[in-house]
Ligand code: GLU
């Protein structure tokens, strides 16, 4: 089990690392390292048996210098105030690195959603939406899905907000179902940017993605879509895992079949093509070309990083490497495509969804995917330019240099007042 680094401290360390390459006042850098405000609240709701229960919930609005706060809402027993603060900061720099006009935010409820019925989850979600109502809005703060939330929860939040505000405002939230104002391509978008950035980094290194061996830790939406799209490029998915364990086959799995198996049985374990059942840690240290951590923060600490054999790591999850792991992988010349670019497809298509909502117009899936490809490729090129120009130790620091400069520009152009 990896050491539990505090994700908020990890974020601040990442900003400190990049600040060495940026000409900025210490007083302004402090602003970039801390949220503007955090809502911490009680959600008291009725269980199906009539008893009352109270859950802790958070929404962190980290920085709004470039536009409305933007970022998902997660339901997980491990949610803490510091985790939500970190995730909201990562959203600021993610939106800046792909240059979409948003700030960053994040929300979470400390809950294991599997312990609750669908009716209870609806009451919990509507209670949270009621708490959020004064601070969210199409031009204020736009939530979205994250770990253990999806279209169902987004539709409930939209409906609660619109009912309480007596209006229609589909752009108050993204990641909705198509009939509730969602966008084509949104569900696959995070995995799609993981595929695009993996393809681009292999290309930058003068290698082909076709024929590479790939291990994917976490087989939820991001991991399974990335696996499927990489397989379509000719990569070989040799290992996948989820919270109950992993499976390995050096000849490779059919990524879609493994997903169907997980949907049916609840886990990837026990798939009949597996030649070996492996642990999550075994998966992370396999001798593969490409490793995709697609689960939660801190999956790889310094100790595990010492054992990582992959040449390239593409971060589908937010914050999967501790700062110690980052140092080890930098030292061993492992290429790490940072989360704030690799998984930015999700928020980029959220932005497209919001644009479509504001225009009351819908794009085809082809248009969404083409525009996403352009945004991610431009951002990748910008990151490589920064990496070469500043000679940063790794791609993460280059990404933060690009992103922080954009946030600083917006802040400085606005000026301080009064
Ligand atoms: N939760 C996703 C992320 O971490 C998507 C956020 C969004 O679409 O606003 O990037």
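The values are calculated or read from the model by the stated rules, or taken from the named source; none is laboratory data. Keep in mind the model is a prediction, meaning the values are calculated, not measured. Methodologically, a virtual Cβ is constructed for each residue, glycine included, from the backbone with ideal geometry; neighbour enumeration extends over all protein chains shown.
Before moving on, here are some points about what is shown:
- Odd one out for residue 151, checked against (1) in contact with a strand residue (DSSP E or B) (Cβ under 7 Å, 6 or more places away or on another chain); (2) over 30 Å from residue 400 (Cα atoms): (1)
- Residue tally, condition out of contact with any helix residue (DSSP H, G or I) (no Cβ under 8 Å at 6 or more places or on another chain) and either surrounded by 22 or more Cβ atoms within 10 Å (Cβ to Cβ) or over 17 Å from residue 355 (Cβ atoms) (or both), over region 119-140: 8
- Checklist (1) in a helix (DSSP H, G or I); (2) in contact with a strand residue (DSSP E or B) (Cβ under 8 Å, 6 or more places away or on another chain); (3) surrounded by fewer than 15 Cβ atoms within 10 Å (Cβ to Cβ) applied to residue 16, failing item: (2)
- Pairs with Cβ under 7 Å, 6+ apart, first in region 136-147 and within 14 Å of residue 63 (Cα to Cα), second near the ligand (Cβ under 8 Å from one of its atoms) and part of a loop (DSSP other than H, G, I, E, B): 142/174
- Yes/no for residue 407 being touching a strand residue (DSSP E or B) at 6+ places or on another chain (Cβ under 8 Å), assigned to a helix (DSSP H, G or I), modelled with pLDDT of 95 or more and surrounded by 12 or more Cβ atoms within 10 Å (Cβ to Cβ): yes
- Looking only at residues in region 320-342 that are touching a residue at least 24 places away in the same chain (Cβ under 8 Å) and part of a loop (DSSP other than H, G, I, E, B), the one that is surrounded by the fewest Cβ atoms within 10 Å (Cβ to Cβ) is 332.
- Of all residues in region 75-85, at least one satisfies being buried (at least 19 other Cβ atoms within 10 Å of the Cβ), in contact with a strand residue (DSSP E or B) (Cβ under 7 Å, 6 or more places away or on another chain), modelled with pLDDT of 95 or more and not in a helix (DSSP H, G or I).
- Residue 321 modelled with pLDDT of 95 or more and at negative phi: yes
- Some residue of region 103-111 being part of a helix (DSSP H, G or I) and out of contact with any helix residue (DSSP H, G or I) (no Cβ under 6 Å at 6 or more places or on another chain): no
- Residue check: residue 131 meets all listed conditions (1) within 14 Å of the ligand (Cβ to nearest atom); (2) touching a strand residue (DSSP E or B) at 6+ places or on another chain (Cβ under 7 Å); (3) not in a strand (DSSP E or B) but one, namely (1).
- Scanning region 205-231 for residues that are farther than 25 Å from residue 147 by Cα and touching a helix residue (DSSP H, G or I) at 6+ places or on another chain (Cβ under 8 Å) turns up 208, 209, 212.
- Among the candidates 103, 71, 107, the residue that is modelled with pLDDT of 95 or more, within 14 Å of the ligand (Cβ to nearest atom), at positive phi and under 16 Å from the mean Cα position of the chain (by Cα) is uniquely 71.
- One residue from 163, 149 being out of contact with any helix residue (DSSP H, G or I) (no Cβ under 6 Å at 6 or more places or on another chain) and within 14 Å of the ligand (Cβ to nearest atom): 149
- Filter result for the condition that a residue is more than 16 Å from the ligand (Cβ to nearest atom) and either buried (at least 20 other Cβ atoms within 10 Å of the Cβ) or more than 27 Å from residue 208 (Cβ to Cβ) (or both), over 317, 260, 295, 299: 260
- Residue selection: residue 349 satisfies the criterion of being under 24 Å from residue 192 (Cα atoms), part of a helix (DSSP H, G or I), modelled with pLDDT of 95 or more and within 16 Å of the ligand (Cβ to nearest atom).
- Within the set 51, 60, the sole residue that is modelled with pLDDT of 95 or more and farther than 26 Å from residue 72 by Cβ turns out to be 51.
- Residue within region 167-184 that is closer than 19 Å to residue 375 by Cα, touching a strand residue (DSSP E or B) at 6+ places or on another chain (Cβ under 9 Å), crowded, with 20+ Cβ neighbours inside 10 Å and modelled with pLDDT of 95 or more present: yes
- All of 25, 65 fail the test of being modelled with pLDDT under 95 and either within 16 Å of the ligand (Cβ to nearest atom) or surrounded by fewer than 24 Cβ atoms within 10 Å (Cβ to Cβ) (or both), apart from 25.
- Top-ranked residue of region 343-366 - restricted to ones that are over 22 Å from the mean Cα position of the chain (by Cα) and loosely packed, with under 14 Cβ neighbours inside 10 Å, ranked as nearest to residue 229 (Cα to Cα): 366
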